[in-house]
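Engineer: Starting off with a structure, shown below.
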Amino acid sequence: KQVDKVIKTSAPDWPLEQINRIDLAILRLAVYELVLVKTEPPKVLIDEAVELAKEFGGENSSSFINGVLGSVYKAHYES
């Protein structure tokens, strides 16, 4: 629930039900690692999530995931 709340806040125009299932799975994993675990550098986690999106997501998945995770980064690391 906590991870989904972060995603909803970072992508307010996209209800979770409308996000592609693969994209949502990648976002959940990345947000979990960025916000809760924090064992790897944030930029590495974002890059890995974008690469997963390129490999397994749709045509615009990597841009979408990069944008959402950029918002998460700003909210949790730059404030």
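Engineer: Determine ³J(HN,Hα), in whole Hz, for all residues of the range 14-20 in sequence, where each value follows from phi through the Karplus function 6.51 cos²θ - 1.76 cosθ + 1.60 and θ = phi - 60°; x replaces Gly and Pro.
Structural biologist: 10, x, 3, 5, 9, 7, 3
Engineer: While we're looking at this one, here's another question. Over the chain, what relative contact order in percent results from Cα pairs under 8 Å that are six or more residues apart?
Structural biologist: It rounds to 33 percent for the chain.
Engineer: Which of GLU17, GLU59, GLU51 moves the most in a Gaussian network model of the chain with Cα springs under 10 Å?
Structural biologist: With Cα springs under 10 Å in the chain, the top fluctuation among GLU17, GLU59, GLU51 is at GLU17.
Engineer: Apply the Kirkwood formula to the range 39-79: the hydrodynamic radius equals the inverse of the mean of 1/r over all pairs of different alpha-carbon atoms; give it in Å with one decimal.
Structural biologist: For the range 39-79, inverting the mean 1/r across all distinct Cα pairs yields 10.4 Å.
Engineer: Put a dot 7 Å past each Cα toward the Cβ at GLU59 and THR9; how far apart are the dots in nm?
Structural biologist: That separation, rounded to one decimal, is 3.4 nm.
Engineer: Hey, got the dipole for the chain? About the Cα centre, +1 on K and R Cβ, -1 on D and E Cβ, debye to the nearest 20?
Structural biologist: 320 debye
Engineer: Further question: Can you list the HN-Hα couplings for the range 41-55, worked out from phi with the Karplus curve (6.51, -1.76, 1.60; θ = phi - 60°), rounded to whole Hz and with x for Gly and Pro?
Structural biologist: Computed from phi, the couplings for the range 41-55 are x, x, 5, 5, 5, 5, 4, 5, 5, 5, 5, 4, 5, 5, 6 Hz.
Engineer: Springs between alpha-carbon atoms under 10 Å, Gaussian network over the chain: tell me which of ALA53, ALA11, ALA25 tops the mean-square fluctuations.
Structural biologist: Residue with maximal mean-square fluctuation among ALA53, ALA11, ALA25: ALA25.
Engineer: Here is a further query. Scattering from the C-alpha atoms of the chain alone, worked out with Debye: what is log10 I(q)/I(0) at q = 0.12, 0.19, 0.22 1/Å?
Structural biologist: So the normalised log intensities are -0.27, -0.71, -0.96.
Each reported figure results from applying straightforward, stated rules to the coordinates on display, with no laboratory input. On a predicted model such as this, the values are computed, not experimentally measured, just so you know. Cβ: placed from backbone, ideal geometry, glycine included. Neighbour counts: every protein chain shown.
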